[in-house]
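What follows is a single structure, written as structure tokens, with notes after it.
The values are calculated or read from the model by the stated rules, or taken from the named source; none is laboratory data. Note that the coordinates shown come from a computational prediction; the quantities given were computed from them, not determined experimentally. Every residue, glycine among them, receives a Cβ derived from its backbone with ideal geometry; neighbour counts consider all protein chains shown.
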Ligand SMILES: [Cu+2]
């Protein structure tokens, strides 16, 4: 087998998200991925999701790729002294062992920059998440209404309806 053949095989397996020989891969679960519909002229969008780590090793989300955007960044939201929200790029997001991290409006989010087309209600966005240890994991984000606050609702969750 030539080295170029090996390269191609590796690239293909990475694309398909199966280049994860370690059993750590099965410890991460990406769920409840969603986004918001954008205005026709919008240049940016955001994706929210939940990453659970059932394993005993910490991992970290390093980057995300999305076919619908030129650039994808990991962002956090912080409030300054004046009560004004700011978005800040973060280099990676730690996914602690036996823990879960929720990306949600007003908090961590996956920022889509340079949208190639508007995001329409009901669209599905194909994402590929790259983790330090688990390798690549694909995700499918459902586009919700522009004012949606979570998957399956166009309104804020009812009081007491907290997830697990
Ligand atoms: Cu952002």
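Summary of values
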read-out: In the stretch 129-150, the residues that are under 26 Å from residue 39 (Cβ atoms) and under 16 Å from the mean Cα position of the chain (by Cα); value: 139, 140, 141, 142, 143, 144, 149, 150
read-out: Meets criteria (touching a helix residue (DSSP H, G or I) at 6+ places or on another chain (Cβ under 8 Å), in contact (Cβ under 8 Å) with a residue 12 or more places away in the chain, farther than 16 Å from residue 106 by Cα and more than 13 Å from the ligand (Cβ to nearest atom)) for residue 54; value: yes
read-out: Filter result for residue 107 (surrounded by fewer than 17 Cβ atoms within 10 Å (Cβ to Cβ) and assigned to a loop (DSSP other than H, G, I, E, B)); value: yes
read-out: Residue identified as away from the ligand (no atom under 16 Å from the Cβ), more than 10 Å from the chain's Cα centre (by Cα), in a strand (DSSP E or B) and free of Cβ contacts under 8 Å to residues at least 40 places away in the same chain among 94, 100; value: 94
read-out: Failed criterion for residue 118 (all others in (1) at pLDDT 95 or above; (2) surrounded by 18 or more Cβ atoms within 10 Å (Cβ to Cβ) hold); value: (2)
read-out: Subset of the stretch 74-91 [in a loop (DSSP other than H, G, I, E, B) and within 12 Å of the ligand (Cβ to nearest atom)]; value: 90
read-out: Options 142, 119, 113: the member that is part of a strand (DSSP E or B), within 16 Å of the ligand (Cβ to nearest atom), touching a residue at least 12 places away in the same chain (Cβ under 8 Å) and at negative phi; value: 113
read-out: Residue 71 vs. criteria within 15 Å of the ligand (Cβ to nearest atom), more than 14 Å from the chain's Cα centre (by Cα), farther than 14 Å from residue 31 by Cα and exposed (fewer than 14 other Cβ atoms within 10 Å of the Cβ); value: no
read-out: The lone exception for residue 147 - which of (1) surrounded by fewer than 14 Cβ atoms within 10 Å (Cβ to Cβ); (2) within 16 Å of the ligand (Cβ to nearest atom) it fails; value: (2)
read-out: Where a residue in the stretch 65-79 is free of Cβ contacts under 8 Å to residues at least 12 places away in the same chain and its partner, wherever it lies, is in a strand (DSSP E or B) and within 14 Å of the ligand (Cβ to nearest atom), with Cβ under 7 Å and at least six apart; value: 78/86; 78/88; 79/85
